[in-house]
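This report concerns only the one structure given below.
A short reminder: the numbers here are calculations on the coordinates, not readings from a lab. Everything numeric in this text was worked out from a predicted model, so none of it was measured. Here the Cβ positions follow ideal geometry from the backbone for every residue, glycine too, while neighbour counts run over all protein chains shown.
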Protein chains: 2
Amino acid sequence: MAVNSPKPVAADLKPVAGIEIGYAEAGIKKPNRKDVLVMTLAPGATVAGVFTLNRFCAAPVQIAKANLAAASATSGAPIKALMINTGNANAGTGELGLALARQSCAALAGLLGCDAAQILPFSTGVILEPLPVEKVVAGLPAAVAKLKADNWFNAAEAIMTTDTQPKAGSRSVTIAGHAVTLTGISKGAGMIRPNMATMLGFLAFDAKVAQPVLDVLVKQVADQSFNCITIDGDTSTNDSFMLVATGAGTLEVNSVDSPEYAALAAAVTELSLFLAQAIIRDGEGATKFITVIVEEGKSVDECRKIAYSIGHSPLVKTAFFASDPNLGRILAAIGYAGVDDLDVDQLNMYLDDVWVAKNGGRNPDYREEDGQRVMQQSEITVRVKLARGAAAATVYTCDLSHDYVSINADYRS
Amino acid sequence: MAVNSPKPVAADLKPVAGIEIGYAEAGIKKPNRKDVLVMTLAPGATVAGVFTLNRFCAAPVQIAKANLAAASATSGAPIKALMINTGNANAGTGELGLALARQSCAALAGLLGCDAAQILPFSTGVILEPLPVEKVVAGLPAAVAKLKADNWFNAAEAIMTTDTQPKAGSRSVTIAGHAVTLTGISKGAGMIRPNMATMLGFLAFDAKVAQPVLDVLVKQVADQSFNCITIDGDTSTNDSFMLVATGAGTLEVNSVDSPEYAALAAAVTELSLFLAQAIIRDGEGATKFITVIVEEGKSVDECRKIAYSIGHSPLVKTAFFASDPNLGRILAAIGYAGVDDLDVDQLNMYLDDVWVAKNGGRNPDYREEDGQRVMQQSEITVRVKLARGAAAATVYTCDLSHDYVSINADYRS
């Protein structure tokens, strides 16, 4: 039921020199399903990430943040591997959850011959249930045995939960004469309202990037991609987006002020936005892909507030599902977004090319059949012009359908 | 499909001395349906209200606010009547909307022999469509002809939109030896997340209350009733809650510090909460009535933030619909509520009498079957203890069902 969702083709996903990938069917929640993923990094790789702001931040997220901070310090031992399990979020699990996450890190470290602090753990699945650590640990040897460079499609499959299809993409760019290969995967279809982070997203490339530069890059990219999507406004406990620069290629980026940085940032942002949009296209029950653009604001923050208010409104989302141009609901969502000094009499609103609201009221030239025509489409852009400044923001979202309710009512069964 | 919703009985709704009510079937949106309501006030009545904070505040709300402010001033001519139409919200309609609302006020003023500024207009229905003012005006003479004291049940029916049943209640109390009669009506079933106001709510009583005292009372009552409910988080453009003190009885209240004020406030709050909860019980597609109590907070504000975060989460609401104790979703909603210094390791969460989360993790004594048992009920209380202070807040909400999607996908058809 995904909306114009790009199905990745295994042969199109390019290996990134310096990364090897293995997976296992560990039976964590369901049998015969890839649910454990290991990605090993060559020496010299740098890693940076952004994580959920949810206060019920999952145990693996807490450990990944701490291990990443230690590895990023000048004297820290580098990150050796990322380990991801699906079927259990290991969130809302208290001290026990931390102990079990550390236990699985130690098990992988033993297999790879490194320290447990060199492992970054990630989990996704049901919250408030204990991690079946013995299944994770039992699956790790098989995953390590499968390690190879050309395994990105399997990696994309191994991190799926309610996703209906894997999400992955590759790009090849040339920067300052150096060939750079980028490949990334993402997952997520519900509990999606990333905040300074995303659902699970992993993107690797083979340039060499100094740690402080990568730390800047990951935040900049997240703000332009995974932080611009919402399905249901629910920020997960486990959201993480990781960038890996393996350093196995010939490009080196040591400064954020260099033209190489700008070119690399553009390529990473483009692929990240593709992966983020793939999450929305495969949103639970989604039948429409909606782009909400808010322009002419005083600040990016107020534009984002309004764009998210539209993107989260159940009434707006059900109208899209019904292809019903009940567009007053969009005005209502703008009005309660919390921009207290908004002068609605200056506001204009468009649905694709159709000018719906003019100076805060119905455009006299607006015809219902024009709105109806656009609402029938599977891809729709809402554009709001606030007429009070030069700032803008874009949010990507989907509609709210019967299937969203069905999927989430039946999630654990 | 309402949840244990109290069906008002016409004979139980007591007239309030000083108020007369008339209605008409004006065919504004659908034929053969009461859609125009007029309530006239005896001389000496005082009126106070709270209104939506939505920036796309509807034309009638703008006029009602201005007329009420003028009437509340010492030299102002008193409010003579309230006029309500359903079928059209007259919101997102710009200057034309204001002109049409004023036109209908003038028509009623002509029939009642008063000034247009003495009328308070209210509208509810579809946004962004022009008010069919000629139908409203044509319906007013019939409504005026029907004016009588014993018409509250018809009034409750006349303000319904997607409501499946009218919402009304009466109370008789004795305060300082004076008999006081209170009767109120409300409407609303979707686009419900009142903010300093409510959907349409009108409550009258026959005590005499000085204007400044009534102004305090209406805000105090709204904060304890209509501002504690949410169905879908969508704050309407037309929300209004009005208190009318007709002064036709023998009780006089001239100070907020008097015991009479306290007793009257308690009675008005109790009836208002009943009317507010009736909106949730009749929430679009609702199958469960959920009370969310957040306690031991540092401030009421942070408790409300967390309670609303739980009450708005589509994932929490679908879990309630499915009677699935997927209670980690509640923790996730607490975690992203925006209370940045929340120490989740101190937090406890209960579902009715079942202790689910203890010190931020799963209570070792929690058994799935206990959660399952509570989730089957039609009325459920979620209680969260933050262990960081003495403040508390309560929010009432309902689940998110297939019928919510159906009702809102088909609203205009």
(request) Show the residues, 5+ positions off or on another chain, whose built amide H is closer than 5 Å to the amide H of residue A:363. (result) A:357, A:358
(request) Among A:323, A:349, A:335, pick out the residue whose Cα is farthest towards the positive end of the charge dipole of the stretch A:289-409, where Lys and Arg carry +1 and Asp and Glu carry -1 on C-beta, about the Cα centre. (result) A:335
(request) Mind checking A:48-57 for the average number of partner chain beta-carbons within 10 Å of each residue's beta-carbon? (result) 5
(message) Can you find, among B:272, B:37, B:240, the residue sitting farthest towards the positive end of the charge dipole of the stretch B:10-281, where Lys and Arg contribute +1 and Asp and Glu -1 at Cβ?
(response) B:37
(request) Please give every one of the aspartates and glutamates within straight-line cross-link reach of residue A:29, meaning a C-alpha to C-alpha distance under 13 Å, and leave out same-chain neighbours fewer than 8 residues apart. (result) A:129, A:134
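Only Lys, Arg, Asp and Glu count, each charged at its Cβ (+1, +1, -1, -1), so figure out the dipole size of the stretch A:199-356 about its Cα centre, rounded to 20 debye.
For the stretch A:199-356, the charge dipole is close to 360 debye.
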(message) Explain nothing, just the number: dipole magnitude of the stretch B:10-281 about its Cα centre with +1 on each Lys and Arg Cβ and -1 on each Asp and Glu Cβ, in debye rounded to the nearest 20.
(response) 380
(request) Enumerate the helices in chain B for which the Kyte-Doolittle hydropathy averages -0.5 or more and the C-alpha atoms extend at least 27 Å along the helix's axis, using complete DSSP H runs. (result) B:94-112, B:259-281
(request) Would you pull out the residues with amide H under 5 Å of residue A:175's amide H, same chain only if 5 or more places away, H placed 1.01 Å from N? (result) A:180
(request) Taking a label point 7 Å out from Cα toward Cβ, give me the nm distances from residue A:33 to the same spot in the other copies, shortest first, one decimal. (result) 4.4
(request) Quickly estimate the mean residue ellipticity at 222 nm for the protein assembly as shown, helices only: each DSSP H run with n ≥ 4 gives -39500 (n - 2.57), and the total goes over all residues, rounded to 500. (result) -10000 deg cm²/dmol
(message) Over 24 Å between Cα atoms: which of A:80/A:146; A:298/B:65; A:80/A:135; A:305/B:385 fall into that group?
(response) A:298/B:65; A:305/B:385
(message) Taking amide H atoms as placed 1.01 Å from N in the peptide plane, list the residues 5 or more away in sequence, or in a different chain, whose amide H sits under 5 Å from that of residue A:296.
(response) A:386, A:391
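Nearest-5 percent of antiparallel DSSP beta bridges in the protein assembly as shown?
Of those bridges, close to 70 percent are antiparallel.
Give me the dipole magnitude in Debye, nearest 20, for the stretch B:289-409 about the Cα centre, with unit charges on the beta carbon: positive for Lys and Arg, negative for Asp and Glu.
Numbers: 12 positive and 18 negative charges, 27 e Å.
Dipole size: approximately 120 debye.
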